[in-house]
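First the structure, in the form of structure tokens, and then the observations on it.
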């Protein structure tokens, strides 16, 4: 059964790592059915289990589930399909709004519970192992963060979910009833608060900079409280807590914005990984099992390898409409999107017409000049996201290793600004303007209305977090998702953009939840009749 497969994976494939001192050791070698009660006897073995927990958290976005990120972007105005495979065009039109079996979003459930179970193993075994109190606290804090943030991931997608804080040890106890939304929030918040108390400040001696630290837990709490507040009529208590935890990160003076937006990303800056703006990011390296699949899946397909750094598939890109909007606004964040490449282009997709040459994106026509084609003969009109790409690693390795951001300091500033402004009109303007200034935009003046500030914060999120899997949830909680997605479909149909020739078929409400995956629902007897109801179009 699927539920057994997913939950047993946490104990059946214990990780064995060569070391735990760099970001390149998050892989593991499987050992069949190792009993956690007999394996976790030393600090090194517990650290190995923690490595496996990071690995499983990364799997939410990586490997065979990299398409989850594509799908979550395609459901917004951010993404354009560049290839019919994986039915990206149909996701863009919201064709699967009530389907419990389609796509990478469905895989998140199983991968999340693998991560949760591994965290539970670490937390369940660490107290019985001889090590210093400091080491024990640091291990607990990391496991708690990963578990809590994974539950938050599930909560936003599916609502209340089954909650377990004990690891599986056999096939008993796998049928876990669904908890309420409030109970799930409480679990998330409790885990993150405990993590905050146990984790060190980033930069503490002996603590790797890439690991989650106290600031990451505080930033996550600021995000969680803001999400709950805005999903519940701007609940004042949650807004205050969001502001409080975001302010803790700001006042710590440990983090700051990078001077240029593009400094955050490996394509532009070889020192971008775990920079001062990063609170938590997924780690990748040019090793087997450690490379970044987003570069491969979300590329141009026919580019010059030496220029792009690795072979690529053409699956999805960034909306040309969004790119044009950014360029026309003079927004420097447009520079993180690829508008020039060297590859096979030409007047038609016939092989005889294709030449290896420079290709430039025309922001007025929303076309590549010369035309760019995927390997199925379809014209590509999207621009592409250098946040994923690696042009530094030897392309012969075919192992791109750009990191992927989960929490950045710019989000902390925007979270603070939103909560502060909703509590008291005009507050948070300084933090908002810091993000605008770096993007090359004029400051909003004192006296800007509360509504205008709130609208601008959402727009800054739309430009700041393109391709980072954030905007779907921001537009959902602000009840703007349907409006943006519908307009994207309308305009692209009007323009005749390839793979975008149909109008939206479903308009999500703020209350939208994905279906619990069919296989997991059927294999967990305690979830009988617990499926989310059908969503109704707005």
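The values are calculated or read from the model by the stated rules, or taken from the named source; none is laboratory data. Treat the numbers as computed from the prediction; the structure is a model and nothing was measured. Counting neighbours? That spans all protein chains shown, and the Cβs are built from the backbone with ideal geometry, glycine included.
Looking at 451, 425, 420, which one is assigned to a loop (DSSP other than H, G, I, E, B) and either in the same structural domain as residue 250 (by TED's automatic domain parsing) or within 22 Å of the chain's Cα centre (by Cα) (or both)?
Values: 451 fails: assigned to a loop (DSSP other than H, G, I, E, B); 420 fails: assigned to a loop (DSSP other than H, G, I, E, B).
Checking each option against the conditions leaves just 425.
Which members of the range 34-91 meet the condition of being touching a strand residue (DSSP E or B) at 6+ places or on another chain (Cβ under 7 Å) and part of a helix (DSSP H, G or I)?
Selection gives 58, 70, 73, 74, 88, 89.
For the range 273-336, which fully contained helices (runs of 4 or more DSSP H) count at least 2 residues that are closer than 25 Å to residue 85 by Cβ and over 17 Å from the mean Cα position of the chain (by Cα)? Give the steps one after another, and end with the answer.
On the way: elements: 293-297, 305-308, 320-328.
Counting at least 2 such residues, we get 305-308, 320-328.
Sort through 402, 420, 482 and tell me the only one that's in contact (Cβ under 8 Å) with a residue 24 or more places away in the chain, on the phi < 0 side of the Ramachandran plot and touching a helix residue (DSSP H, G or I) at 6+ places or on another chain (Cβ under 6 Å).
Sole residue among the options that is in contact (Cβ under 8 Å) with a residue 24 or more places away in the chain, on the phi < 0 side of the Ramachandran plot and touching a helix residue (DSSP H, G or I) at 6+ places or on another chain (Cβ under 6 Å): 420.
If I go through the range 366-381 residue by residue, how many of them are under 30 Å from residue 459 (Cβ atoms), surrounded by fewer than 23 Cβ atoms within 10 Å (Cβ to Cβ) and modelled with pLDDT under 95?
1
Here is a yes/no grid of residues against (1) assigned to a loop (DSSP other than H, G, I, E, B); (2) surrounded by fewer than 22 Cβ atoms within 10 Å (Cβ to Cβ); (3) on the phi > 0 side of the Ramachandran plot:
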residue	(1), (2), (3)
183	no, yes, no
194	no, yes, no
205	yes, yes, no
212	yes, no, no
215	no, no, no
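Is it true that residue 344 is closer than 18 Å to residue 497 by Cα, outside the structural domain of residue 69 (by TED's automatic domain parsing) and touching a helix residue (DSSP H, G or I) at 6+ places or on another chain (Cβ under 9 Å)?
Taking the combined requirement at face value, the residue does not satisfy it.
Is it true that residue 116 is farther than 13 Å from residue 46 by Cβ, in a helix (DSSP H, G or I) and modelled with pLDDT of 95 or more?
Answer is yes for this residue.
Among the residues of the range 460-488, what is the count of those that are farther than 19 Å from residue 264 by Cβ and part of a helix (DSSP H, G or I)?
13
Yes or no: the range 382-403 includes at least one residue that is modelled with pLDDT of 95 or more and either over 20 Å from the mean Cα position of the chain (by Cα) or surrounded by fewer than 17 Cβ atoms within 10 Å (Cβ to Cβ) (or both).
Yes: the range 382-403 contains one or more residues that are modelled with pLDDT of 95 or more and either over 20 Å from the mean Cα position of the chain (by Cα) or surrounded by fewer than 17 Cβ atoms within 10 Å (Cβ to Cβ) (or both).
Please enumerate the residues belonging to the range 248-267 that are under 28 Å from residue 139 (Cβ atoms) and touching a residue at least 40 places away in the same chain (Cβ under 8 Å).
249, 250, 252, 254, 255
So which of 69, 75, 123, 155 ends up being buried (at least 18 other Cβ atoms within 10 Å of the Cβ), under 17 Å from the mean Cα position of the chain (by Cα) and more than 20 Å from residue 407 (Cα to Cα)?
Step by step, each of 69, 75, 123, 155 is checked, and only 75 is buried (at least 18 other Cβ atoms within 10 Å of the Cβ), under 17 Å from the mean Cα position of the chain (by Cα) and more than 20 Å from residue 407 (Cα to Cα).
How do the pairs read when you match residues in the range 73-102 that are without any contact (Cβ under 8 Å) to a residue 60 or more places away in the chain with residues anywhere that are surrounded by fewer than 21 Cβ atoms within 10 Å (Cβ to Cβ) and assigned to a loop (DSSP other than H, G, I, E, B), using Cβ under 6 Å and keeping only pairs 6 or more apart or on different chains?
96/102
Does residue 136 satisfy the criteria of being under 21 Å from residue 298 (Cα atoms) and in a helix (DSSP H, G or I)? Steps first, answer last, please.
Working: under 21 Å from residue 298 (Cα atoms): no; in a helix (DSSP H, G or I): yes.
In short, no.
Taking interchain pairs and intrachain pairs at least six residues apart, which have beta carbon atoms under 7 angstrom, with the first residue in the range 209-235 and under 23 Å from residue 272 (Cβ atoms) and the second modelled with pLDDT under 95?
These pairs meet every condition: 210/23.
Looking at 520, 529, can you tell me which residue is more than 18 Å from residue 89 (Cα to Cα), modelled with pLDDT under 95 and not in a helix (DSSP H, G or I)? Lay out the reasoning, then the answer.
Values: 520 fails: not in a helix (DSSP H, G or I).
None of the others qualify; the one that does is 529.
Of the residues 490, 434, only one is assigned by TED's automatic domain parsing to the domain that holds residue 236, at pLDDT 95 or above and farther than 22 Å from residue 101 by Cα; which? First the steps, then the outcome.
On the way: 490 fails: assigned by TED's automatic domain parsing to the domain that holds residue 236.
Only one candidate qualifies: 434.
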